[in-house]
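**Q** My questions all concern the structure below.
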Amino acid sequence: MNLQTEIAGVVYKNPVMTASGTFGSGMEYSEFVDLNKLGAVVTKGVANVPWPGNPTPRVAEVYGGMLNAIGLQNPGIDVFMERDIPFLKQYDTGIIVNVCGKSVEDYVEVVERLGEEPAVSMLEINVSCPNVKEGAIAFGQKADALYNITNTLKKHAKQPIMMKLSPNVTDITEMARAAEAGGADALSLINTITGMKIDIHRRKFVLANKTGGMSGPAIKPIAVRMVYQTAQAVKLPIVGMGGIATAEDAIEFILAGASAVSVGAMNFINPYCTEEILKGIEDYMRMYRVENLKDLVGAVHE
């Protein structure tokens with residue numbers, strides 16, 4: 001069986017990746033998971049300077065998932081280049097770096113620094129960050145802002161850029177088309193869905209930030225629908241994510257049009273889940289005598 005998948009000209013040995021923010025930069029899970037078995041490690045968001053993140057409490061359990069308002073806490077590009085990249089280069093796995101910023105200039109600075117590191121195969125651009133210069137509206141929630149940042153970063157990036165789309169929009173296909181028009185090489189979706197939890201006994205918000213991003217199994221049907229709609233609307237390769245807990249979940253995304261999948265919240269519950277999902281995909285292909293993973297991408301019937 002051939003489990004290889006190609007995204008924007010980059011070949012990964014299999015379609016199982018990690019969702020940014022749930023796997024650190026690989027080091028944190030390396031005692032549990034053989035990183036050599038993964039198609040790629042997608043790192044936690046990296047900014048041009050260290051970000052402290054949001055005040056605590058910033059994680060809450062909810063039915064079918066979790067809310068997080070971490071605020072993209074990270075040590076910044078300098079530490080990442082000195083510590084995390086050398087660690088990941090020891091393994092036979094793809095390195096995809098998630099990039100975050102508060103302004104276009106912030107993103108450009110990180111993208112240019114990462115261009116100096118050929119081991120990084122792709123950049124995932126997190127456009128759900130607040131756009132400070134646009135009055136805290138996320139880049140990913142306005143089509144023109146998404147087009148502009150995509151177009152700008154494409155001029156500075158040495159690696160292919162994959163725009164990570166926010167589901168907190170009226171029409172996901174409008175955003176996908178804006179990213180495609182801006183020159184994106186690939187898309188990843190979905191990011192978390194904005195949610196809230198209230199402690200009824202204390203009559204207070206559970207998260208210090210009031211709202212947080214919901215992830216986990218409960219969002220999967222929404223994510224599968226958005227991946228399918230996006231695959232119909234644009235010609236770009238897609239990495240699908242959102243509530244993947246089993247191989248069956250991953251296969252749904254692939255049939256809907258995803259060339260690869262990223263596993264997120266499930267890493268917190270079962271640190272071995274990525275390897276288990278990969279084995280399950282292999283078992284499925286064997287059962288249905290599918291020789292090439294590419295034959296499953298977008299293969300759902302009307």
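Every number in this text was worked out from the coordinates using simple rules, so none of it is lab data. Everything numeric here is computed off the predicted structure, so don't read it as measured data. We place every Cβ from the backbone using ideal geometry, glycine too, and count neighbours over all the protein chains shown.
**Q** For a protection proxy built on the mean count of beta-carbon atoms within 10 angstrom, sort 232-238, 14-20 highest first, please.
**A** Numbers: 232-238: 18.0, 14-20: 26.9.
Going from most to least packed, we get 14-20, 232-238.
**Q** Additional query: Compare the Cα positions of MET27, PRO15, GLY71 along the charge dipole of region 5-295 (+1 at Cβ of Lys, Arg; -1 at Cβ of Asp, Glu; about the Cα centre) and return the one farthest towards the positive end.
**A** Projecting each Cα onto the dipole axis, the largest value belongs to GLY71.
**Q** Sequence-distant or interchain residues sharing an amide H contact under 5 Å with ILE137, placed H: which?
**A** Those lying under 5 Å, H to H, from ILE137 are ASN131.
**Q** Further, regarding this structure: Would you mind ranking ILE244, ILE95 by Cβ crowding within 10 Å, fewest neighbours first?
**A** ILE95, ILE244
**Q** So, one more: Would you kindly derive the ³J(HN,Hα) couplings of region 103-113 from the backbone phi angles with the Karplus curve 6.51 cos²θ - 1.76 cosθ + 1.60 (θ = phi - 60°), listing them in order in whole Hz, with x for Gly and Pro?
**A** Along region 103-113, the couplings run 8, 4, 4, 4, 4, 4, 4, 5, 4, 5, 5 Hz.
**Q** Report the calculated FRET efficiency for ASP92 and GLU116 (r = Cβ-Cβ distance, R0 = 22 Å), to the nearest 0.05.
**A** That gives a FRET efficiency of 0.50.
**Q** So what's the projected area for region 5-295, the Cα convex hull averaged over all directions, in nm²?
**A** Its Cα hull, projected and averaged over all orientations, spans 14.4 nm².
**Q** Figure the gain on full extension for THR56 and HIS301 (residue separation times 0.36 nm, minus the Cα-Cα span) and round it to one decimal in nm.
**A** Full extension of this stretch gives 83.6 nm more.
**Q** Let me check against my output: what whole-number percent is the relative contact order of the chain, with C-alpha pairs under 8 Å and at least 6 apart?
**A** Relative contact order, the chain: 21 percent.
**Q** Restricting attention to region 56-158, which trypsin sites (Lys or Arg not before Pro) occupy a DSSP loop and are surrounded by at most 10 other Cβ atoms within 10 Å?
**A** Hits after loop and neighbour filter: nothing returned.
**Q** Which FRET efficiency value, to the nearest 0.05, is calculated for LYS210 and LYS133 with the Förster distance at 25 angstrom and r the Cβ-Cβ distance? The partial results should precede the final answer.
**A** Working: r = 23 Å, r/R0 = 0.92.
With a Förster radius of 25 Å, E is 0.60.
**Q** Put a dot 7 Å past each Cα toward the Cβ at GLU28 and ILE200; how far apart are the dots in nm?
**A** Spacing of the two 7 Å Cα→Cβ label points: 3.3 nm.
**Q** Which whole-number percentage describes the relative contact order of region 153-302, with Cα contacts under 8 Å and a sequence gap of 6 or more?
**A** The value is 19 percent.
**Q** If you don't mind, there's one more thing I want to ask. If r is the Cβ-Cβ distance from LYS37 to LYS158 and R0 is 22 Å, what FRET efficiency results, to the nearest 0.05?
**A** 0.20
**Q** Using the number of other C-beta atoms within 10 angstrom as an exposure proxy, rank HIS156, HIS201 with the fewest first.
**A** HIS201, HIS156
**Q** Out of region 249-301, which GluC sites (Glu not before Pro) are coil in DSSP terms and have no more than 15 other C-beta atoms within 10 Å?
**A** GLU291
**Q** How large is the direction-averaged shadow of the alpha-carbon convex hull of region 1-91, in nm²?
**A** Average of the hull's projected areas for region 1-91 equals 8.1 nm².
**Q** Taking the convex hull of the alpha carbon atoms in region 207-294, what volume per residue do you get, in Å³?
**A** For region 207-294, the hull spanned by Cα atoms encloses 106 Å³ per residue.
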